[in-house]
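First the structure, in the form of structure tokens, and then the observations on it.
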Amino acid sequence: MSRVKVADESCTVALPAALLGERWTLLLLRQAFLGTRRFEDFQSSMDISRSVLTDRLALLVEEGVLRRVAYEDAGTRTRHEYRLTEKGLDLYPVLMALRKWGERWMQPEAGPSFTLHHRDCGGDVDVRVECATCREDLTARDVTVRSPR
């Protein structure tokens with residue numbers, strides 16, 4: 001199904017999947033959360049072709065996930081950095097959930113390439129799905145689906 005057809009659906013899983021479902025897009029977001037901002041740094045850290053990188057960055061800017069910010073190093077022309085917007089920052093739990101699943105089911109023998117720790121206390125970062133009322137941890141077996149219509 002094409003991105004346009006998926007985007008026509010009214011499903012809040014299908015719509016983000018249409019935007020994020022391509023491998024390079026998720027890896028670009030990973031790099032953005034790791035602090036990568038400049039085109040050349042994205043390209044060298046990911047070994048991605050310039051044309052694919054240009055297309056994916058443009059899509060993320062068009063969708064409001066990243067924003068372009070002009071910068072100029074001394075003696076060079078003006079260039080642009082790519083920074084996460086509020087919409088982009090809201091994807092952090094999504095990437096952390098993918099990471100947690102990957103660590104459980106697809107971890108390389110050498111272990112994770114990096115670990116994440118709370119800046120204030122040093123504790124490990126975890127991802128949880130919880131009830132908004134009682135704060136109990138939930139799995140798919142604990143949830144009932146209702147249609148709002």
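The values are calculated or read from the model by the stated rules, or taken from the named source; none is laboratory data. On a predicted model such as this, the values are computed, not experimentally measured, just so you know. Reconstructed Cβ throughout: ideal geometry from the backbone, glycine too, with neighbour counts over all protein chains shown. Heavy atoms of the whole protein, side chains included, go into the accessibility calculation; ligands, DNA and RNA do not. Shrake-Rupley method; radii C 1.70, N 1.55, O 1.52, S 1.80 Å.
So for the range 62-76 (the condition being β-branched (Val, Ile, Thr), at pLDDT 95 or above and farther than 29 Å from residue 124 by Cβ), does at least one residue qualify? Yes, there is a match, as at least one residue in the range 62-76 is β-branched (Val, Ile, Thr), at pLDDT 95 or above and farther than 29 Å from residue 124 by Cβ.
Filtering the range 43-62 to residues that are open to solvent by less than 70 Å² (accessible area, probe 1.4 Å) and either under 13 Å from the mean Cα position of the chain (by Cα) or on the phi > 0 side of the Ramachandran plot (or both) leaves 56, 57, 60. If you go through the range 17-59 and keep only what is in contact (Cβ under 8 Å) with a residue 40 or more places away in the chain and either closer than 30 Å to residue 148 by Cβ or of a type in the set (Gly, Ala, Ser) (or both), you end up with 19, 20, 26, 29, 32, 59.
In the range 65-72, the condition of being in a strand (DSSP E or B) and open to solvent by 70 Å² or more (accessible area, probe 1.4 Å) is met by at least one residue. Considering the range 73-99, the residues that are more than 15 Å from the chain's Cα centre (by Cα) and in contact (Cβ under 8 Å) with a residue 40 or more places away in the chain include one that is least open to solvent (accessible area, probe 1.4 Å), namely 81. So, in the range 100-149, of the ones that are open to solvent by 100 Å² or more (accessible area, probe 1.4 Å) and in contact with an Asp or Glu (Cβ under 8 Å, 6 or more places away or on another chain), which residue ends up farthest from residue 28 (Cα to Cα)? So, considering only residues that are open to solvent by 100 Å² or more (accessible area, probe 1.4 Å) and in contact with an Asp or Glu (Cβ under 8 Å, 6 or more places away or on another chain), the one farthest from residue 28 (Cα to Cα) is 136.
Condition first: at pLDDT 95 or above, farther than 17 Å from residue 56 by Cβ and not in a helix (DSSP H, G or I). Now tell me which residues in the range 79-116 satisfy that. Hit for the range 79-116 is 90, nothing else.
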